[in-house]
């Protein structure tokens, strides 16, 4: 019989609903393991992953999106494949997206992003988040419940990032529907992952953002896209229109999946973790701590990837140049060498913000502050206007025997749907 750790994480649908058992079987072989018959490594160790994230000299992010299992289009040669990689980079899926960039190209675009997602801008956007979340929460509570992912989570986060970037209101419903019908990043259907086809949602969105950016060049206004349109790199040069379109499209698309899935994953714990709902109602200031623990236990991304550019050593293991490395985000924050009682939900866990669910180093998720703010605000309104939240047992079974469907993706950890029932609070009646 095939051992669990030797099954194919990237194609096995049975591992989708519980990747954690699989990664524990992998971890039993050490923090870095090469599955039998595979030509890539899997990293489940917290310390080892942190070392890789911080070492952007020896490790390239070029394959972050296509994944460690996808073969390279060239045969790596020698102890340093940097020149080879650059020669073949245009052949890599999503090579022109921020998540896959390295070195100066990444640093230039990241400098633009870092200037945009500053606390003062997010604070200004919180008024819109507050108004929108109140409106949406009051509606679904009045209705007695909803399908969380399609009726609340995805429309909310799409509208928030659209408002932040400056997407016209008349186009937002189109983008919500586009996102709802889009395949998840890392879809198990490999044809969904070709970002070069004209029908792919990222390409469709790019056609809109090209018009938006060109309009901001000609008619600047007070929004992020206007700042992008007139921004310069640290060396004073200006980004090309294509670079700005790719960046704004990626910022818009990437920020939705992770935040929407975090909302769904958080509701699962709120409903099924004994006593948690009552604690959060009694003291809403605990909501941020709850979200961090959910991110640790059930982050929205299961895995990312790096390509070794130079011969190097991690955790005592020699890793040759040209090695594809899968970094199992779903396993890092359950590493017993780093976390006490790692598989349990602990509301006020010490040093909780050290989890790696948003990455670390040069590619730390730029949208993490936005995700934390928008989900916190939505949860605050949810607790204000409900006296009880529960899952629909007809759809999802009973506590301890849940039936849940997750997106068919090797990257995304998130629910495809979640039917919830909501009991109004006196605050809703008064409102």
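The set of residues from the range 254-300 being surrounded by fewer than 22 Cβ atoms within 10 Å (Cβ to Cβ) and closer than 28 Å to residue 109 by Cβ comprises 254, 291, 292.
Does residue 65 meet the test of being at pLDDT below 95, within 26 Å of residue 184 (Cβ to Cβ) and touching a helix residue (DSSP H, G or I) at 6+ places or on another chain (Cβ under 6 Å)? Here the answer is yes, as residue 65 does meet what is asked.
State yes or no: is residue 220 farther than 14 Å from residue 249 by Cα, assigned to a loop (DSSP other than H, G, I, E, B) and at pLDDT 85 or above? For residue 220, the condition - farther than 14 Å from residue 249 by Cα, assigned to a loop (DSSP other than H, G, I, E, B) and at pLDDT 85 or above - is met.
For (1) in a helix (DSSP H, G or I); (2) in contact with a helix residue (DSSP H, G or I) (Cβ under 9 Å, 6 or more places away or on another chain); (3) farther than 29 Å from residue 145 by Cα, each residue gets a yes or a no:
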| position | (1), (2), (3) |
| --- | --- |
| 342 | no, yes, yes |
| 346 | no, yes, no |
| 357 | no, yes, yes |
| 369 | yes, yes, no |
| 378 | yes, yes, no |
| 382 | yes, yes, no |
| 389 | no, yes, no |
| 422 | no, yes, no |
| 428 | yes, yes, no |
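The residue that is surrounded by the fewest Cβ atoms within 10 Å (Cβ to Cβ), among those in the range 43-61 that are touching a helix residue (DSSP H, G or I) at 6+ places or on another chain (Cβ under 7 Å) and farther than 9 Å from residue 335 by Cβ, is 54.
Take the conditions part of a strand (DSSP E or B), more than 18 Å from the chain's Cα centre (by Cα), touching a residue at least 40 places away in the same chain (Cβ under 8 Å) and buried (at least 21 other Cβ atoms within 10 Å of the Cβ) and apply them to residue 85. Does it pass? Full working, then the answer.
Details: part of a strand (DSSP E or B): no; more than 18 Å from the chain's Cα centre (by Cα): yes; touching a residue at least 40 places away in the same chain (Cβ under 8 Å): yes; buried (at least 21 other Cβ atoms within 10 Å of the Cβ): yes.
Spelling it out, it is not the case that residue 85 is part of a strand (DSSP E or B), more than 18 Å from the chain's Cα centre (by Cα), touching a residue at least 40 places away in the same chain (Cβ under 8 Å) and buried (at least 21 other Cβ atoms within 10 Å of the Cβ).
Does the range 225-245 contain any residue that is crowded, with 21+ Cβ neighbours inside 10 Å, in contact with a strand residue (DSSP E or B) (Cβ under 8 Å, 6 or more places away or on another chain), assigned to a helix (DSSP H, G or I) and in contact (Cβ under 8 Å) with a residue 40 or more places away in the chain? Steps first, answer last, please.
Here is the first cut: in the range 225-245, the residues crowded, with 21+ Cβ neighbours inside 10 Å are 225, 228-229, 244-245.
Filter once more, so that each one left must be in contact with a strand residue (DSSP E or B) (Cβ under 8 Å, 6 or more places away or on another chain): none.
So far as the range 225-245 goes, no, none of its residues is crowded, with 21+ Cβ neighbours inside 10 Å, in contact with a strand residue (DSSP E or B) (Cβ under 8 Å, 6 or more places away or on another chain), assigned to a helix (DSSP H, G or I) and in contact (Cβ under 8 Å) with a residue 40 or more places away in the chain.
Take residue 370 and decide whether it is modelled with pLDDT of 95 or more and crowded, with 19+ Cβ neighbours inside 10 Å. Taking the combined requirement at face value, the residue does not satisfy it.
Within the span defined as the range 398-407, one or more residues are more than 29 Å from residue 332 (Cβ to Cβ) and over 23 Å from the mean Cα position of the chain (by Cα).
The values are calculated or read from the model by the stated rules, or taken from the named source; none is laboratory data. Computed from a predicted structure; not experimentally measured. Note that each Cβ is placed from the backbone with ideal geometry, even for glycine, and that neighbours are counted across all protein chains shown.
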